[in-house]
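Below is one structure, written out as structure tokens; the observations come after it.
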Amino acid sequence: MNTAPGRATAVAHPNIALSKYWGKRDFGHNLPAVPSLSVTLAGMATTTTVVFDPALATDAFTLGGQPAKEGDLRRVTSLLDRVRAAASLTTRANVLSSNDFPTAAGLASSASAFAALALAATSAAGLAWDGAQCSDLARKSSVSAARSVFGGFVELRDGHPGDEDLAAASVAPADHFPLRVLVAVTREGPKSTLSTEGMLHTQRTSPFYPPWVETAPALFARVRAAVLAGDLPTLGVAAEESALRMHAAAIAACPGLIYWAGATVEVIEEVKRLRAAGLPAWFTIDAGPHVKVLTTPEREDDVALALAAVPGVKRTIRTRPGGPAILVPEATP
Ligand code: 2P0
């Protein structure tokens, strides 16, 4: 419940793509070149408060207690400008946001950030927008954020010219089948190439970008069917293929874009060893060095123990499918 007019707080979770998005069909409208399917994660969250304040001359954005960088403030302002236009408002806003997981480290912080911001900002502006409208708004700032508006398993189709609105949609709820996702953190601190630049560079220079775009829809269909069937082994294999093809396209860019650390490869090898030993374990990797491992609740402890023992793994975060972005009561100071 958000009682004070002009302000609202929302919580959103990161998501991990099982079928990856990498590349834009239209940079101006931020339309993805390939369809993607993700699982929204419980256990990690962004909390964002938006306060429209007539006393402000410009928007202000504080991230984790620190004034945000210029570029981050610009992205926040551009989302707020869309909200102001829709609500016929001119008032500037103060945005306070915090993550309970590392920012910009390949843990999809922009996904939860813009999903929380879209929900908090529209609510604070008095707009009663539904999930699809918030998802489209979030997607215009960050494609993966469109998916974090919804909980459980979520899809986002590829965009085509003329797609002014493009929202993600739910495929199956969080409890559709028993899944655990373990994040093997291989490096602390922000990554060197942000996703937006990384995919633009891949698009411009990688000879493997066209085959990536051409083959991604069939992989997406395999991932989607496996999710609907609750078939983790089939899902795991398709998710690994999607991650490796995305990285293959990025690695083949000029110069090559290698998001992996040495420990990333060590974890991949360990996942293969676990699988050969009969444990359910499949990996996926986003635009960073960490490895996310899909497994079952029954074998989560065994897999977590094995990952923690891999040289170079700093720590392991245990997550599971989680809920949608929601409005929450504000904490009293
Ligand atoms: C994904 N990633 O599907 C893929 C896999 C990273 C690797 O979406 O430019 O922050 O803001 O739309 O959404 C990360 O890219 O990029 C991402 P923009 P975004 O989750």
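The values are calculated or read from the model by the stated rules, or taken from the named source; none is laboratory data. Quantities reported herein were computed from a predicted structural model and do not represent experimental measurements. Heads up, the Cβs are rebuilt from the backbone with ideal geometry, glycines too, and the neighbour counts pull from every protein chain shown.
Residue by residue, here is whether (1) within 16 Å of the ligand (Cβ to nearest atom); (2) touching a Ser or Thr at 6+ places or on another chain (Cβ under 6 Å); (3) among the small types (Gly, Ala, Ser) holds:
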residue: 264; (1), (2), (3): yes, yes, no
residue: 271; (1), (2), (3): no, no, no
residue: 277; (1), (2), (3): no, no, yes
residue: 280; (1), (2), (3): no, yes, no
residue: 284; (1), (2), (3): yes, no, no
residue: 304; (1), (2), (3): no, yes, yes
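Quick test for you: out of 49, 62, pick the one residue that is closer than 25 Å to residue 288 by Cα, assigned to a strand (DSSP E or B) and in contact (Cβ under 8 Å) with a residue 24 or more places away in the chain.
Details: 49 fails: closer than 25 Å to residue 288 by Cα.
Answer to the check: 62.
Out of the residues in region 253-308 that are assigned to a loop (DSSP other than H, G, I, E, B) and touching a strand residue (DSSP E or B) at 6+ places or on another chain (Cβ under 6 Å), state the one that is surrounded by the fewest Cβ atoms within 10 Å (Cβ to Cβ).
Out of the qualifying residues, it is 297.
Run down 147, 139, 187 and say which single residue is at pLDDT below 95 and among the basic types (Lys, Arg).
Going through 147, 139, 187 in turn, the sole match is 187.
Return the residues of region 32-75 that are more than 16 Å from the chain's Cα centre (by Cα) and at positive phi; say none if nothing qualifies.
Within region 32-75, 64, 65 qualify.
The conditions are (1) of a type in the set (Phe, Trp, Tyr); (2) more than 15 Å from the chain's Cα centre (by Cα); (3) closer than 22 Å to residue 235 by Cα, and residue 27 fails exactly one of them. Which is it?
(3)
Could you please give the count of residues in region 5-18 that are polar (S, T, N, Q) and more than 9 Å from the ligand (Cβ to nearest atom)?
Our first condition is that a residue be polar (S, T, N, Q); within region 5-18, this holds for 9, 15.
Filter once more, keeping what is more than 9 Å from the ligand (Cβ to nearest atom): 9.
Result for region 5-18: 1.
Test residue 162 against the stated conditions and say whether it is within 18 Å of the chain's Cα centre (by Cα) and modelled with pLDDT under 95.
no
For region 76-97, which residues satisfy the criterion of being hydrophobic (A, V, I, L, M, F, W, C) and within 15 Å of residue 142 (Cα to Cα)?
To start, the set of residues in region 76-97 that are hydrophobic (A, V, I, L, M, F, W, C) comprises 76, 79-80, 83, 85-87, 89, 93, 95-96.
Once the filter is applied, which keeps residues that are hydrophobic (A, V, I, L, M, F, W, C) and within 15 Å of residue 142 (Cα to Cα), region 76-97 yields 76, 79, 80.
Given the criteria within 25 Å of residue 131 (Cα to Cα), crowded, with 22+ Cβ neighbours inside 10 Å and touching a residue at least 60 places away in the same chain (Cβ under 8 Å), does residue 235 qualify?
So residue 235 does not fit the description; no.
Please enumerate the residues belonging to region 19-41 that are away from the ligand (no atom under 11 Å from the Cβ) and part of a strand (DSSP E or B).
Result: 25, 26, 40, 41.
Can you pull out every residue in region 256-267 that is without any contact (Cβ under 8 Å) to a residue 40 or more places away in the chain and either outside the structural domain of residue 186 (by TED's automatic domain parsing) or touching a helix residue (DSSP H, G or I) at 6+ places or on another chain (Cβ under 9 Å) (or both)?
Scanning region 256-267 gives 256, 258, 260.
What is the residue count in region 42-65 for residues that are within 16 Å of the ligand (Cβ to nearest atom), of a type in the set (A, V, I, L, M, F, W, C) and under 24 Å from residue 167 (Cα atoms)?
Number satisfying all stated conditions: 1.
Restricting to region 177-207, and then to whatever is in contact with a Gly (Cβ under 7 Å, 6 or more places away or on another chain) and under 30 Å from residue 313 (Cα atoms), can you tell me which residue is surrounded by the most Cβ atoms within 10 Å (Cβ to Cβ)?
Restricting to residues being in contact with a Gly (Cβ under 7 Å, 6 or more places away or on another chain) and under 30 Å from residue 313 (Cα atoms), the top hit is 199.
Filter region 175-190 for residues that are touching a residue at least 60 places away in the same chain (Cβ under 8 Å), more than 16 Å from the chain's Cα centre (by Cα) and part of a loop (DSSP other than H, G, I, E, B) and give the result.
Residues satisfying the conditions are 175, 176, 178, 179, 186, 187, 188, 189.
Quick one: residue 63 ticks every box in (1) out of contact with any Asp or Glu (no Cβ under 7 Å at 6 or more places or on another chain); (2) modelled with pLDDT under 95 bar one, so which box is it?
(1)
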